[in-house]
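Q: Dropping the structure in here first, questions after.
Read-outs throughout are calculated quantities, based only on the coordinates presented, and are distinct from any laboratory measurement. Remember, it's a predicted structure, so these values are computed and weren't measured experimentally. Positions of Cβ are backbone-derived with ideal geometry, glycine not excepted, and every protein chain shown enters the neighbour counts.
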Amino acid sequence: MKKTPPILDIKGLRIALPKGADRSFALEGLDLTIEPGEIVCLVGESGSGKSLCAGAIMGLLPVPHVHIAGGGIRFMGDELVGKSESEMRQIRGQSISMIFQEPMTALNPQKTVGWQIDEVLRLHTNMNRAERRARAVEMLERVHIPDPESAYNAYPHQISGGQRQRVMIAMSLALSPKLIIADEPTTALDVTTQLQILKLIRELQEQDGAGVLFITHDFGVVAEIADKVAVLCQGVMVEQGPADQVLNHPRHPYTQALIGAVPALTPPPVKPVLNSPVVLKGTGLKKTFAARGGLLSGKRKAVVAVKDLTFQLHEGETLGVVGESGSGKTTVSRIVTRLLECDSGKVELDGKDLLACTPRELRAMRSHIQMVFQDPMASLNPRKRVVDLIAQGPIVHGADPAKARDDARRLLELVELSPAAANRFPHEFSGGQRQRIGIARALALEPKVIVADEPVSALDVSVQAQVLRLLADLRDRLNLSLLFVTHDLRVAAQLCDRIIVMQKGEIVESGITAEVFANPQHPYTQNLLSSIPGRDWTPPSFRTDAA
């Protein structure tokens, strides 16, 4: 009986980088096989070559600067290297599908969600318009988007980040492809949605025998879903094997360092900060986003993002705000910093209501409350040098420009970057370094409160561990108060003294982190904690600071 060929068989793949890059090859001699119904997790830090591997399979490398310099890629026995663009176009979407990491970049901002799913079906099937619409709504239901009919008529900017990622996944799965390449598809998703998506991908495999190449830096996800794990370091495969072997008995020091950096689910010991003064207080906050839409795009319902929310943040405390995508976490962070006006309520900083401030008063108050954004590249002006980005706030508030720039260089040292970085531009740094620059910029005005909106969600596990240690160290040294928004409960366990759990704009549970984790009272909190990917996996005990 003839053996069925692997869905994907990569042999000796070499991808050349442009002259002047930090190394000659993004990948050097990669061998990787995916059998039908198998999930292979490709793990490694930023710059290890994971995403370029995916680009090579899809025929989406930015040639000629980055190109395949050797080796082969066989899909179901058919060699992909050397195929024309028109041949690859027939394969993409229908036979091989890719879930991209950044949905806001991959989705067309001028087209509705429904139009974009419909386009995939229109190009690759003979369905009529009504059938395509029904299939699109069905896919939105399958990826658990609330109110699929409303989401169908929405534009990408009108839905949350997690919901945008689910739209990408719905588009990718609509044609039941034989190979799914998932490039960090759950990075921006809350734990319950992560679990749903992982189950959905597993379900598709069982139905259609699909193979999955799952690119991730989250070892919790690896523990949850992987059949096989391959570890890349600077373009070289350093370890490969069954998931149980790699996760529990890693041989290579690099793999050990990555696993050692995985945040534990053990909350920090209780600190006496609850007896310190309250620096930030929210009372009765309410925010409703009005109904939108029109004749062409359809009507979207009004969304109540925050309902009668009240909280307190003490001096020197880290208060975590956790919940699923669409629970209102980011809305709260933007109301508190007055980047978004709320319908009613008060936000008091040292007893002064920020929401009642005049523009002049608000400018003065902004020096006391600063924000670290989720995407540092989107929040840093690409045309300004780092020293000017950090010094900008103090200069606007009347500081001497020369002194402000000297202080900016000292802040770079504080966030563990070289002062020589001051004259470089944001694009010259890694994601973790850019996040450190964002933290330095927030510290420049010597604030009392920092609001951090998912500041480590897109970072590698090792860089994430470094940034979390940095934030904890700065909080303790500078007596800062942190309002920390996150969907990652492992991160919340590491940094937060207390947490508030949000569901549909309301706080359903709050308390000391260790107590909430040990004995959650609300069914929603219990569901969140039980949905943490890899919750039952205990990383081997060789945690190192070198990670």
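Q: Average the reciprocal distances over every distinct pair of alpha-carbons in the range 228-342, invert the result, and give the Kirkwood radius in Å.
A: 19.1
Q: Could you state the orientation-averaged shadow area of the convex hull built on the Cα atoms of the range 84-157, in nm² to one decimal?
A: Orientation-averaged projected area of the Cα hull: 5.7 nm².
Q: So, one more: What FRET efficiency do you get for Lys286 and Asp208 if R0 is 51 Å and r is their Cβ-Cβ distance, rounded to the nearest 0.05?
A: So the FRET efficiency works out to roughly 0.65.
Q: How high is the relative contact order of the range 399-544, given as a whole-number percent (alpha carbon pairs under 8 Å, six or more residues apart)?
A: This gives 14 percent for the range 399-544.
Q: Measure off 7 Å from each Cα along the Cα-to-Cβ vector at Gln90 and His252, then give the distance between these two points in nanometres to one decimal.
A: 3.7
Q: Pairs Lys178/Lys301; Lys346/Lys504; Lys83/Lys228; Lys346/Lys403: which are spaced more than 25 Å apart, C-alpha to C-alpha?
A: Lys178/Lys301; Lys83/Lys228; Lys346/Lys403
Q: About the Cα centre, and with charges only on the beta carbon of Lys, Arg (+1) and Asp, Glu (-1), how big is the dipole of the chain? Nearest 20 debye, please.
A: 1340
Q: Taking the Cβ-Cβ separation of Asn423 and Ser24 as r and a Förster radius of 22 Å, what is the calculated FRET efficiency to the nearest 0.05?
A: 0.20
Q: Still on this structure, please answer the following. Taking a temperature of 25 °C and a viscosity of 0.890 mPa s, what whole-number D in µm²/s does Stokes-Einstein yield for the chain with Rh from Kirkwood over alpha carbon pairs?
A: 99
Q: Moving on to the next point. Which value, in debye to the nearest 20, gives the size of the charge dipole of the range 106-221 about its Cα centre, when Lys and Arg are +1 and Asp and Glu are -1 at the Cβ?
A: Roughly 300 debye for the range 106-221.
Q: Can you tell me the order of 76-86, 56-66 when each peptide is scored by its average per-residue count of other Cβ atoms within 10 angstrom, highest first?
A: Put in order of decreasing packing, that is 56-66, 76-86.
Q: Follow-up. What value, in deg cm²/dmol to 500, does the helix sum -39500 (n - 2.57) over DSSP H runs of n ≥ 4 give at 222 nm once divided by the residues of the chain?
A: Here the helix-only value at 222 nm equals -10500 deg cm²/dmol.
Q: Given the peptides 314-324, 470-480, arrange them by the average over their residues of other C-beta atoms within 10 Å, most packed first.
A: Listed from highest to lowest mean packing, they are 314-324, 470-480.
Q: Round to a whole angstrom and tell me the spacing of the C-alpha centers of the range 188-263 and the range 49-86.
A: Between the Cα centres of the range 188-263 and the range 49-86 lies a distance of 22 Å.
Q: In addition: Using Cα pairs closer than 8 Å and at least 6 residues apart in sequence, work out the relative contact order for the range 1-133, in percent.
A: Over the range 1-133, the number comes to 24 percent.
Q: For a Förster distance of 22 Å, can you work out the FRET efficiency between the beta-carbons of Val270 and Met104, rounded to the nearest 0.05?
A: 0.05
Q: While we're looking at this one, here's another question. Stokes-Einstein diffusion coefficient for the range 24-137 at 25 °C in a medium of 0.890 mPa s, Rh from the Kirkwood formula over Cα pairs: what value in µm²/s?
A: Translational diffusion coefficient: 148 µm²/s.
Q: Could you work out the relative contact order of the chain? I mean the mean sequence separation of Cα pairs under 8 Å and 6+ apart, divided by the number of residues, in percent.
A: 17
Q: With just the Cα atoms defining each centre, how far is the range 420-491 from the range 342-364? Give it in Å.
A: 25
Q: Rank these for me by crowding, Lys307, Lys19, Lys50, going from fewest to most other beta carbons within 10 Å.
A: With the fewest neighbours first, Lys307, Lys19, Lys50 line up as Lys19, Lys307, Lys50.
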